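Just below is one structure, and these are the notes that go with it.
The values are calculated or read from the model by the stated rules, or taken from the named source; none is laboratory data. Source: prediction; values computed, not measured. No Cβ is skipped: glycine too gets one built from the backbone with ideal geometry, and neighbour counts run over all protein chains shown. Accessible surface areas use protein heavy atoms only, side chains included; no ligands, DNA or RNA. Shrake-Rupley method; radii C 1.70, N 1.55, O 1.52, S 1.80 Å.
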Amino acid sequence: MTKLLASGGEFVAPGVKDFFLPPIFGSVTKPMVLLVLSIVIIAVFFIAATRNLKVVPGKFQFAAESLYDFGRNNIAREQIGAKDFKPFVPLVLTIFCFILVNNLFGLIPIVQFPTMSHIGFPLAVSLLVVYPVYHFVGFKRHGFVGYLKHQTVPPGAPWFVLPLLIPIEFFQKFILNPLTLAIRVFAAMFAGHLLLLVFTLAGEFLLLNGGLTVIVAPVSFAFAIALTFLEALIMCLQAYIFALLSASYIGMALAEEH
């Protein structure tokens with residue numbers, strides 16, 4: 001990020017404009033490079049960890065197996081159900097790792113940019129991956145009319161409320177859910193990174209401005225450090241929530257009841 005010290009001794013707080021980084025070459029920007037890099041990191045990690053599997057795993061294999069077990073049993077199995085979850089384990093695990101790595105980029109020195117703070121990236125995962133998958137499996141299991149009824153008509157709902165209830169359920173299941181899935185992780189990454197910028201750059205400004213403000217600078221840096229640990233927790237939590245909701249939507253689409 002560019003230092004935001006304005007001329008004339010005034011501090012200019014970071015804003016939305018600072019998330020739109022200039023192209024590195026051509027029309028390729030830093031977030032685009034980080035997105036591709038995340039895919040390479042995840043692929044290399046799992047290929048290297050599973051290349052020489054042992055009965056008694058080493059640290060690298062143990063880390064990969066723990067991630068797989070977490071995605072398989074704690075997310076996919078619990079949300080989709082023991083009967084149907086197995087085909088979706090690779091998808092759920094990939095989504096979790098992909099969101100997690102791109103979030104954690106915001107804490108890595110030099111890189112220091114969470115890719116998911118650009119709304120287009122989580123929106124693409126939601127609309128182009130999760131959304132078509134869970135509706136496809138729903139239509140496949142229940143049929144076109146059956147799935148629409150399954151998603152929009154709660155069992156036991158009185159007939160006289162259906163004209164109001166069906167449009168609301170349709171809007172929620174087919175329009176709102178994929179949007180909120182993306183906006184949730186985007187908002188957390190955007191707000192968290194913005195707060196880190198504010199306290200870090202404010203501390204730098206106070207330190208370089210001279211005078212009595214130097215005394216206050218350590219307080220700003222202390223807040224920045226504390227927020228960094230909090231942000232690390234939120235980054236992991238948001239990756240978990242994204243994968244959890246993705247699996248939950250698939251589970252609801254496959255379920256026999258609404």
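Among all residue pairs at least 6 apart or on different chains, which show Cβ distances below 6 Å where the first residue, located in the range 180-203, is more than 14 Å from P122 (Cβ to Cβ) and the second is at pLDDT below 90 and among the hydroxyl-bearing types (S, T, Y)?
Taking only residues 6 or more apart or on different chains, the pairs are F199/S220; A202/S220; G203/S220.
What is the one condition in (1) modelled with pLDDT under 80; (2) in contact with a helix residue (DSSP H, G or I) (Cβ under 8 Å, 6 or more places away or on another chain) that I39 does not satisfy?
(1)
Would you be able to tell me the number of residues in the range 218-240 that are open to solvent by 40 Å² or more (accessible area, probe 1.4 Å) and closer than 27 Å to V89 by Cα? Full working, then the answer.
Here is the first cut: in the range 218-240, the residues open to solvent by 40 Å² or more (accessible area, probe 1.4 Å) are 218-219, 221-223, 225-226, 228-230, 233-234, 236-237, 240.
Within this subset, residues satisfying the condition of being closer than 27 Å to V89 by Cα are 233-234, 236-237, 240.
Of the residues in the range 218-240, 5 are open to solvent by 40 Å² or more (accessible area, probe 1.4 Å) and closer than 27 Å to V89 by Cα.
Sort out which residues of the range 225-257 are touching a residue at least 12 places away in the same chain (Cβ under 8 Å) and over 22 Å from the mean Cα position of the chain (by Cα), and write them in order of number.
Scanning the range 225-257 gives L254, A255, E257.
Tell me which residues, restricted to the range 88-145, are more than 26 Å from L196 (Cα to Cα), open to solvent by 60 Å² or more (accessible area, probe 1.4 Å) and of a type in the set (A, V, I, L, M).
Across the range 88-145, the qualifying residues are L127, L128, V145.
Look at L128 and say whether it is more than 25 Å from M189 (Cα to Cα) and at pLDDT 90 or above.
Values: more than 25 Å from M189 (Cα to Cα): no; at pLDDT 90 or above: yes.
When the stated conditions are applied, L128 does not pass them.
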